[in-house]
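To keep things clear, I will list the structure first and then write my remarks on it.
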Amino acid sequence: MRAIWIGSSVVWALSASATAGAATGDAYLQRFVGNWKGGGTALLSVYLPAWRVDCDLASARAPNSVRVYGSCRLSLFSFLSKRIDTTLFYNPPTDSYSGTYSVNDGPPAVMSGRLAGDVLTLDVTWPKPVNGHLKAVIRTTNDGLGHLSLTSIDPLGTDGTPLTTSDLAFVSR
């Protein structure tokens, strides 16, 4: 079964900030620039307990886009590591965000969403079924001071209700 934490690990890094206050559009993407360290808990499957994960990420900026890449690993078994690569785009005519990410150079997931204040909510479509379906939601909150948090939600947990599959926090370094 595909590891949930891998797919969502990169997306939280996309909301980092070095300055306080809400940003919009392309200015929001500037918040992604830098190196990030963090982690938290993540489910490898909705049928297993949460594991502690640690991540190190870097970024590259272009007009209306940012690429975030690096690795995430299970804390207890650091040899279990995955390369992650995400690109996020801002679309000025629709004032929306879209992007892709891949794990270990695999097929990319597709994501799209909108920014409200400092919260970027992305609908994710997995390239292959995860826990029996292709959809998830990732909500990233940015405090505007170089801290960010990410919550990924599986819409259909084991009992059919939404289930938080990752809860991660990062700081710029």
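Since every read-out is calculated from the coordinates, none of them should be taken as a lab result. Quick caveat, the model's predicted, so the values are computed rather than measured. Positions of Cβ are backbone-derived with ideal geometry, glycine not excepted, and every protein chain shown enters the neighbour counts.
In order along region 165-170, the phi-based Karplus estimate (6.51 cos²θ - 1.76 cosθ + 1.60, θ = phi - 60°) of 3J(HN,Hα) comes to 9, 8, 9, 10, 9, 9 Hz; Gly and Pro are listed as x. Each residue of region 29-34 was assigned a 3J(HN,Hα) from its phi angle through the Karplus curve 6.51 cos²θ - 1.76 cosθ + 1.60 (θ = phi - 60°); the sequence is 5, 4, 5, 7, 5, x Hz, with glycine and proline shown as x.
The residues packed around Pro93, meaning those with a beta-carbon under 15 Å from its beta-carbon, carry a net charge of -1 if Lys and Arg are +1 and Asp and Glu are -1.
Scalar couplings 3J(HN,Hα) for region 54-68, obtained by applying the Karplus form with A = 6.51, B = -1.76, C = 1.60 to θ = phi - 60°, are 10, 9, 10, 9, 10, 8, 9, 10, 9, x, 6, 7, 8, 10, 10 Hz; x denotes Gly and Pro.
Considering helices alone, the calculated mean residue ellipticity of the chain at 222 nm is -2500 deg cm²/dmol, with DSSP H runs of length four and up weighted by -39500 (n - 2.57) and normalised per residue.
Set the Cα radius of gyration of the chain against 2.2 N^0.38 Å, with N its number of residues, and you get 0.95. Applying 1/(1 + (r/R0)^6) with r as the Cβ-Cβ distance of Asp159 and Thr125 and R0 = 25 angstrom yields a FRET efficiency of 0.60. Between region 72-149 and region 21-48, the alpha-carbon centres lie 8 Å apart.
For the pair Ser96 and Tyr47 in one chain, pulling the backbone fully straight at 0.36 nm per residue adds 14.3 nm over the alpha carbon distance.
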